[in-house]
Amino acid sequence: MTKRVSVVENILSANDRLAADNRARLDEARVFAINLMASPGAGKTSLITRTVEALRERWRIGVVDGDLASTLDADRVAALGVPTVQINTGGNCHLDAVMLRTALPQLPLGELDLLIVENVGNLVCPASFKLGVHKDVLIASVPEGDDKPYKYPPMYRGVDALILNKIDVLDAFDFDVDYFRRGVEVLNPGLAFFPLSCKTGEGLEAWLNWVEDQIRSFRG
Amino acid sequence: MAEGSVVHELPVTQSLLEIALRHAEAAGAKRIVQLNLVIGQFSSIVDDSVQFYWDIISRGTIAEGARLHFERTPGQLRCVACGEVFSIDGEDYVCPACGSTQVVVVSGDDFRLDSIEVE
């Protein structure tokens with residue numbers, strides 16, 4: 001005799017609970033945290049480098065770097081002289097709340113204003129796993145093509161800001177910015193959008209202003 | 001669905017097992033025979049891959065051999081201009097009835113274990 005038991009629970013509820021713990025920890029330390037997600041090669045590490053260089057005089061910044069195996073990205077960031085923790089995911093395709101929880105005690109949270117988490121380069125998996133940060137940010141880049149909001153909708157659904165990197169090469173690619181933005185607008189109406197180039201610096205200021213506004217409003 | 005989407009099914013399946021066992025225990029069940037999942041098209045989960053991991057990790061638990069029933073809710077859009085509701089096709093978000101690009105998402109985000117069937 002079988003009977004049906006109602007559950008109605010998000011499938012990743014355990015991760016969600018741990019993400020909430022991470023958030024509480026960050027809130028208590030008054031550290032504003034962002035999670036950067038993107039395909040491999042979209043420019044996550046370049047954006048972190050640019051952001052740290054521009055804001056380090058005004059804000060105390062730390063970085064958590066998720067990578068499959070190497071320490072290449074973490075080495076680039078650590079060279080900037082800010083506290084950096086590397087998380088090797090051991091082949092896992094995304095960071096999850098447990099990994100961030102393990103990384104947090106390795107950072108001097110009491111001495112930070114901003115924490116930047118660099119997720120594993122992947123346009124699918126990180127969308128499902130909340131980390132507990134305050135804002136999720138997606139970096140798209142021109143060479144990837146303008147159809148990504150149509151092919152990878154989950155990633156575009158859940159983020160709080162979108163960067164379009166490498167706009168310096170727009171002329172070399174058939175990238176229709178209007179088509180791209182139209183898809184984004186359907187999936188995530190009103191999403192903050194920052195077209196920029198980490199290489200030339202064009203458009204960076206709007207992004208940096210957004211980050212600083214977020215830190216200020218978080219800290220009250 | 002997309003490249004790279006096979007790997008995260010393992011943690012998803014582990015979470016699923018944890019939730020199912022917890023609810024089964026609370027209900028005093030001896031065996032779990034079926035899990036009823038509701039997964040929207042905007043959630044990137046491959047059914048076969050979850051089933052593959054499930055068969056391995058459920059061994060030795062009261063959920064061993066349980067069926068996974070996937071109810072797939074389509075990613076659907078609604079045209080603001082004419083009210084037409086249509087499914088996403090992976091290429092564009094344009095209303096097939098009137099050609100408007102003023103469309104909003106109405107379904108496809110589900111990602112939950114709805115119920116379990118137990119003995």
- Scan the stretch A:21-41 for residues that are surrounded by 21 or more Cβ atoms within 10 Å (Cβ to Cβ) and within 14 Å of chain B (Cβ to nearest Cβ) and jot them down. A:MET37, A:ALA38, A:SER39
- Query: Is it true that B:GLY40 is more than 8 Å from chain A (Cβ to nearest Cβ) and in contact with a Gly (Cβ under 6 Å, 6 or more places away or on another chain)?
  - Reply: yes
- Query: So which residues in the stretch A:127-140 are closer than 19 Å to A:TRP207 by Cβ and crowded, with 23+ Cβ neighbours inside 10 Å?
  - Reply: A:VAL133, A:VAL137, A:LEU138, A:ILE139, A:ALA140
- Out of the residues in the stretch A:42-68 that are out of contact with any Cys (no Cβ under 7 Å at 6 or more places or on another chain) and among the basic types (Lys, Arg), which is surrounded by the fewest Cβ atoms within 10 Å (Cβ to Cβ)? A:ARG58
- B:GLN14 modelled with pLDDT of 95 or more, at the interface with chain A (Cβ under 9 Å from one of its Cβ atoms) and at negative phi: no
- Does the stretch A:84-92 contain at least one residue that is surrounded by 20 or more Cβ atoms within 10 Å (Cβ to Cβ), within 14 Å of chain B (Cβ to nearest Cβ) and at pLDDT below 80? yes
- Counting only residues that are facing chain B (nearest Cβ under 9 Å) and surrounded by fewer than 24 Cβ atoms within 10 Å (Cβ to Cβ), how many does the stretch A:105-126 have? 1
- Message: Can you say whether B:LEU77 is within 30 Å of A:PRO40 (Cα to Cα), in contact with a Phe, Trp or Tyr (Cβ under 7 Å, 6 or more places away or on another chain) and crowded, with 20+ Cβ neighbours inside 10 Å, as far as the supplied structure shows?
- Response: yes
- Options B:ARG72, B:ARG112: the member that is within 12 Å of chain A (Cβ to nearest Cβ) and either among the aromatic types (Phe, Trp, Tyr) or assigned to a strand (DSSP E or B) (or both): B:ARG112
- Task: Go through the stretch B:41-68 and give me each residue that's part of a strand (DSSP E or B) and surrounded by fewer than 15 Cβ atoms within 10 Å (Cβ to Cβ).
- Result: B:ARG67
- Message: Conditions first: (1) in contact (Cβ under 8 Å) with a residue 24 or more places away in the chain; (2) under 23 Å from A:ARG30 (Cα atoms). A:ILE87 passes all but one, so which condition is the exception?
- Response: (1)
- Message: Condition first: more than 30 Å from A:ALA29 (Cα to Cα) and either within 14 Å of the chain's Cα centre (by Cα) or crowded, with 16+ Cβ neighbours inside 10 Å (or both). Now tell me which residues in the stretch A:152-169 satisfy that.
- Response: A:TYR152, A:PRO153, A:PRO154, A:LEU164, A:ASN165, A:LYS166, A:ILE167, A:ASP168
- Message: With the requirement that a residue be more than 7 Å from every other protein chain (Cβ to nearest Cβ) and either closer than 30 Å to B:ALA63 by Cα or not in a loop (DSSP other than H, G, I, E, B) (or both), what does the stretch B:84-103 give you?
- Response: B:VAL85, B:PHE86, B:SER87
- Looking only at the stretch A:69-81, which residues are surrounded by fewer than 18 Cβ atoms within 10 Å (Cβ to Cβ) and at negative phi? A:ALA69, A:SER70, A:THR71, A:LEU72, A:ASP75, A:ARG76, A:ALA78, A:ALA79, A:LEU80
- Determine, yes or no, whether A:THR51 is under 13 Å from A:LEU114 (Cα atoms), of a type in the set (Ser, Thr, Tyr) and part of a helix (DSSP H, G or I). yes
- For A:TYR152, are the conditions met, namely being facing chain B (nearest Cβ under 9 Å), of a type outside the set (A, V, I, L, M) and under 16 Å from A:LEU191 (Cβ atoms)? yes
- Query: Can you name the residue in the stretch A:1-20 that is closer than 30 Å to A:ALA103 by Cβ and surrounded by 18 or more Cβ atoms within 10 Å (Cβ to Cβ) and is also farthest from the other protein chains (Cβ to nearest Cβ) among such residues?
  - Reply: A:ALA19
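The values are calculated or read from the model by the stated rules, or taken from the named source; none is laboratory data. Keep in mind that what you see is a predicted model, and the values were worked out from it rather than measured. Ideal geometry is used to build each Cβ from the backbone, glycine not excepted, and the neighbour counts take in all protein chains shown.
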